[in-house]
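Quick note: the coordinates plus some simple rules give every number you see, no bench work behind them. Just so you know, these numbers come straight off a predicted model, no measurement behind them. Don't worry about glycine lacking a Cβ; one is built from the backbone with ideal geometry, like all the others, and counts go over all protein chains shown.
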């Protein structure tokens, strides 16, 4: 979107906005309406609940990415897929240990029986 020099010249905020003699030029993301809709959804209780679900998954992916690194360790898809799965298993074991420390009864053989 381009704001012509005439429009910018009459604007009281011009000095804070631009120093260009041709006016101000801004870009609006092609999916701006969709992004705004997603922001609005986050403000509702249902939207917040969905966001909380997503945060847990992204947190796990972040841990795996941090442990594995951002470059392929091996040559070949098969070996790298194995490495990703190995890292995911290690992450899951860390989660299980944390859960076990929080609630030792969680994994006992008598848990859930009446």
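Here are a few things to note about the model shown:
- For the chain, the fraction of alpha-carbon pairs in successive 5 Å shells from zero, as %: 2, 9, 9, 9, 8, 10, 11, 11, 9, 6, 6, 5, 3, 2, 1, 0
- Restricting the calculation to Cα atoms, region 1-63 shows an Rg/Rh of 1.28 when the hydrodynamic-style radius is the Kirkwood one.
- Extending 7 Å from Cα along the Cβ direction at residue 75 and again at residue 31 yields two label points whose distance is 3.6 nm.
- Extended-chain gain in nm, criterion 0.36 nm per residue less alpha-carbon gap, residue 61 and residue 43: 4.0 nm
- Here the translational diffusion coefficient of region 47-109 follows from Stokes-Einstein with Rh set to the Kirkwood radius across Cα pairs; for 25 °C and 0.890 mPa s it amounts to 179 µm²/s.
- In the chain, the DSSP-assigned H stretches of four residues or longer account for a calculated mean residue ellipticity at 222 nm of -19500 deg cm²/dmol, using -39500 (n - 2.57) per stretch and the full residue count as denominator.
- Label sites at residue 101 and residue 17, each approximated as a point 7 angstrom past Cα along Cα to Cβ, lie 5.4 nm apart.
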